[in-house]
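Only one structure is covered here, and it is reproduced in the block below.
The values are calculated or read from the model by the stated rules, or taken from the named source; none is laboratory data. Values in this document were obtained by computation on a predicted structure and should not be read as measured data. Cβ atoms come from the backbone with ideal geometry, glycine included; neighbour counts cover every protein chain shown. Heavy atoms of the whole protein, side chains included, go into the accessibility calculation; ligands, DNA and RNA do not. Shrake-Rupley method; radii C 1.70, N 1.55, O 1.52, S 1.80 Å.
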Amino acid sequence: MTNKFKLLALDCSVCKTERVMQPTTVSKMSNPVRAIGIILLIPSFIGMLFGLLMMFVSLTPSAVAADDKARHGFGVLMVGFSAIIIVLPSFVLGLLGWLLLMKKKIYKCQRCGFILDRA
Ligand SMILES: [Zn+2]
């Protein structure tokens, strides 16, 4: 670990110190944007959980009378369909929230705090 960091350490071009820049990560977005990301992630998780639960319930075989089978089949189809309608936007919302929370890879000088983007 220590050896790896020493190998990756760069010279700082601002304070002219050798091997003080170390790889680290910072948030790409500012704090208010990250708060929005978290707000998007919460309903997304609930939606996905709820949708998956609905799918599970619709796929679970239940005791149904023979003459009720057709109606039951239609009900299962409707539940499955609404589950997809819930899961899909939840997934997109989750992806968006995750993008807002993404971190950026940088090199940071341990001495003067100079930040360099890691390509
Ligand atoms: Zn520096």
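In table form, for the structure just shown:
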{"quantity": "Members of the range 85-103 that are open to solvent by 100 Å² or more (accessible area, probe 1.4 Å) and in a helix (DSSP H, G or I)", "calculated": "88, 91, 98"}
{"quantity": "Qualifying positions in the range 1-35 - surrounded by fewer than 10 Cβ atoms within 10 Å (Cβ to Cβ), more than 31 Å from the chain's Cα centre (by Cα) and at pLDDT 90 or above", "calculated": "18"}
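A quick yes/no check of all residues on (1) within 16 Å of the ligand (Cβ to nearest atom); (2) loosely packed, with under 14 Cβ neighbours inside 10 Å:
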{"residue": "37", "(1), (2)": "no, no"}
{"residue": "49", "(1), (2)": "no, yes"}
{"residue": "54", "(1), (2)": "no, no"}
{"residue": "58", "(1), (2)": "no, no"}
{"residue": "83", "(1), (2)": "no, no"}
{"residue": "105", "(1), (2)": "no, yes"}
{"residue": "111", "(1), (2)": "yes, yes"}
{"residue": "114", "(1), (2)": "yes, no"}
